[in-house]
1. Consider the range 37-54. How many of its residues are farther than 12 Å from residue 83 by Cα and assigned to a strand (DSSP E or B)?
2. For residue 100, indicate whether it is surrounded by 14 or more Cβ atoms within 10 Å (Cβ to Cβ) and either more than 17 Å from the chain's Cα centre (by Cα) or free of Cβ contacts under 8 Å to residues at least 24 places away in the same chain (or both).
3. Restricting the range 15-26 to residues that are open to solvent by less than 90 Å² (accessible area, probe 1.4 Å) and aliphatic (A, V, I, L, M), which is farthest from residue 124 (Cα to Cα)?
4. Can you tell me which residue within the range 27-58, out of those that are aromatic (Phe, Trp, Tyr) and over 19 Å from residue 73 (Cα atoms), is surrounded by the most Cβ atoms within 10 Å (Cβ to Cβ)?
5. Provide a single number: the residues in the range 121-152 that are open to solvent by less than 100 Å² (accessible area, probe 1.4 Å) and either within 34 Å of the chain's Cα centre (by Cα) or under 28 Å from residue 40 (Cα atoms) (or both).
6. Would you say residue 74 is farther than 30 Å from residue 23 by Cα, aliphatic (A, V, I, L, M) and either open to solvent by 30 Å² or more (accessible area, probe 1.4 Å) or in contact (Cβ under 8 Å) with a residue 12 or more places away in the chain (or both)?
Amino acid sequence: MKKDVKVGGIVEYLVGGIFCFVGICMLVGGIIAFVSNRNFKQNASEVEGVITDIRTRYDSDGDSHHDVWVTYTVDGREYTEEIHFYSSSMYEGKTIKVLVDRNYPTRVRSADGNIFLVAFLGGMGLIFAFAGGCVLLVPVSRKAKRKKIIEA
């Protein structure tokens, strides 16, 4: 006589748990990015900058990465800094809005880049956590149905 092995439940718990964990981590990352962005905006001014250089580099896998340099003026002084954000719509000479820390004018962020990061991490985190939660509920629902059938 063969012994029944309940692999389905273990796999469901494992897959659901991994998806939930990854989703929660992404949500936490999105929250951290949101708080960091909000705190930066409290000490920042929005100024117009001009993209002066876009440097493309390739990693060992052949993936391209872009370093975007922006020139902007604060209190009559001109600065050129990297913004750590790239969009395919960017080109040299384009005018964009950047956030500049009033106390440290060399600290600069793209006004659009931070919104994208928060939305991406938050959205993907919700999707992963929801999918993982649904997968985790399947074995629980199955047990409840079994118990109800046995009691009936």
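1. We begin by selecting, within the range 37-54, every residue farther than 12 Å from residue 83 by Cα; these are 37-48.
Among the residues that remain, those that are also assigned to a strand (DSSP E or B) are: 44-48.
Selection size over the range 37-54: 5.
2. Spelling it out, residue 100 is indeed surrounded by 14 or more Cβ atoms within 10 Å (Cβ to Cβ) and either more than 17 Å from the chain's Cα centre (by Cα) or free of Cβ contacts under 8 Å to residues at least 24 places away in the same chain (or both).
3. At the first step, the residues of the range 15-26 found to be open to solvent by less than 90 Å² (accessible area, probe 1.4 Å) are 15-17, 19-20, 22-23, 25-26.
Checking the rest, the ones that are also aliphatic (A, V, I, L, M) come to 15, 22, 26.
Numbers: 15: 17, 22: 9, 26: 7 Å.
Across the range 15-26, the extreme among qualifying residues is 15.
4. Filtering the range 27-58 for residues that are aromatic (Phe, Trp, Tyr) and over 19 Å from residue 73 (Cα atoms), the one surrounded by the most Cβ atoms within 10 Å (Cβ to Cβ) comes out as 34.
5. 17
6. Numbers: farther than 30 Å from residue 23 by Cα: yes; aliphatic (A, V, I, L, M): yes; either open to solvent by 30 Å² or more (accessible area, probe 1.4 Å) or in contact (Cβ under 8 Å) with a residue 12 or more places away in the chain (or both): yes.
The answer is yes for residue 74.
The values are calculated or read from the model by the stated rules, or taken from the named source; none is laboratory data. Keep in mind the model is a prediction, meaning the values are calculated, not measured. FYI the Cβ positions are ideal-geometry reconstructions off the backbone, even for glycines, and counts take in every protein chain you see. Quick note on the areas: whole protein, heavy atoms, side chains included, nothing else; ligands and nucleic acids left out. Shrake-Rupley method; radii C 1.70, N 1.55, O 1.52, S 1.80 Å.
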